[in-house]
Amino acid sequence: MKGEEQSRSLFGIPLTERPKWQQFLLCSSGFFFGYLVNGICEEYVYNRLQFSYGWYFTFVQGFVYLGLIHLQGFTTKQMVNPWNTYFKLSAVLMGSHGLTKGSLAFLNYPAQLMFKSTKVLPVMLMGAFIPGLRRKYPFHEYISAVLLVVGLILFTLADAQTSPNFSLIGVVMVSSALVMDSFVGNLQEAIFTMNPETTQMEMLFCSTVVGLPLLIPPMLLTGELFTAWNSCKEHLYVYAVLVFEAMATYVGQVSVLSLVAIFGAATTALVTTARKAVTLLLSYLIFTKPLTEQHCSGLLLIAMGIVLKLLPEYKDSNPHKHKRKQQHNEDHIGQDEERNPLV
């Protein structure tokens, strides 16, 4: 409840005074816009230009974030949490970004995208162990998450047959990114929950500042720093694509942090899954790839999982609320009768 009482806005648009559905629509729209652009740019850079430098591209993206946050007027004087709050979050966040982008060197974009679509299940499972949350979800929500996973398996098996760019190394990398993702959303929600004064700008700024130095060791160990620098120096237009992508992703990042703060990590993971499905379809339409019946079966199961997650939540939320209110009123009446018996 504290998180709901905190006044929040999205790029100057006030959210707190709006109905929940409007908050959800605004945040989701910003997220969809940012990450649809991000998806198209990523596939262009990795698959069409054959530039697979995940750690380096994440490093460049971080500096674009810091520049945009500075333009928004955020300063460290506005921080309400100590720096050490963000060390664990930044480590898993940057690791997830780097491994996700790097996996595109071994997986085609749709396969990587569908692996990432299963994030909702590990996020739900990990939420039970994060201090400050200890969340438990109803059984039907776990079923919906399992449907997403089964849909992913069907899709990736079909994708392995239709695409030559499908490697076990890429599967390991994107699976490791999924494990890190299960921590990211829950840690973000825990910070917002334990300190409702935390803003989206502070979260993104601190995570980026703490996380950028963590990207240097893997770039040096793999030699990616110098290889990527030399490659991009010969093709400077790649930086223009990266900056444009980072600006769009920045909109998506701030929007998704708003979703986490208001609606929680699991609901946010579901929204990101829906976005991945849309991006996947756009990938096949824009880059004209073969879509088989097995692909469609996987997408159908994913859609069923999303519907199963959404319908009970909105259908049952008001009755539970009214039931709790009615029970409270009955208890209150009972107490009054005990104090003032009629006979």
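The values are calculated or read from the model by the stated rules, or taken from the named source; none is laboratory data. Just so it is clear, the model here is predicted, and its values are computed rather than measured. Positions of Cβ are generated from backbone atoms using ideal geometry, with glycine treated the same way; all protein chains shown enter the neighbour counts. Quick note on the areas: whole protein, heavy atoms, side chains included, nothing else; ligands and nucleic acids left out. Shrake-Rupley method; radii C 1.70, N 1.55, O 1.52, S 1.80 Å.
So here's what we get for this one:
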{"item": "Residue under evaluation ILE216, criteria (1) at pLDDT 85 or above; (2) not in a helix (DSSP H, G or I), criterion not met", "result": "(2)"}
{"item": "Flag if ALA190 is touching a helix residue (DSSP H, G or I) at 6+ places or on another chain (Cβ under 8 Å), part of a helix (DSSP H, G or I) and over 19 Å from LYS20 (Cα atoms)", "result": "no"}
{"item": "Residues located in region 279-305, provided they are open to solvent by 30 Å² or more (accessible area, probe 1.4 Å) and modelled with pLDDT under 70", "result": "LEU281, LEU282, LEU285, ILE286, THR288, LYS289, PRO290, LEU291"}
{"item": "All positions within region 223-242 that are in a helix (DSSP H, G or I), open to solvent by 60 Å² or more (accessible area, probe 1.4 Å) and not hydroxyl-bearing (Ser, Thr, Tyr)", "result": "PHE226, TRP229, ASN230, LYS233, GLU234, ALA240"}
{"item": "Unmet criterion (only one of (1) open to solvent by less than 30 Å² (accessible area, probe 1.4 Å); (2) under 17 Å from the mean Cα position of the chain (by Cα); (3) more than 30 Å from THR16 (Cβ to Cβ)) for LEU215", "result": "(2)"}
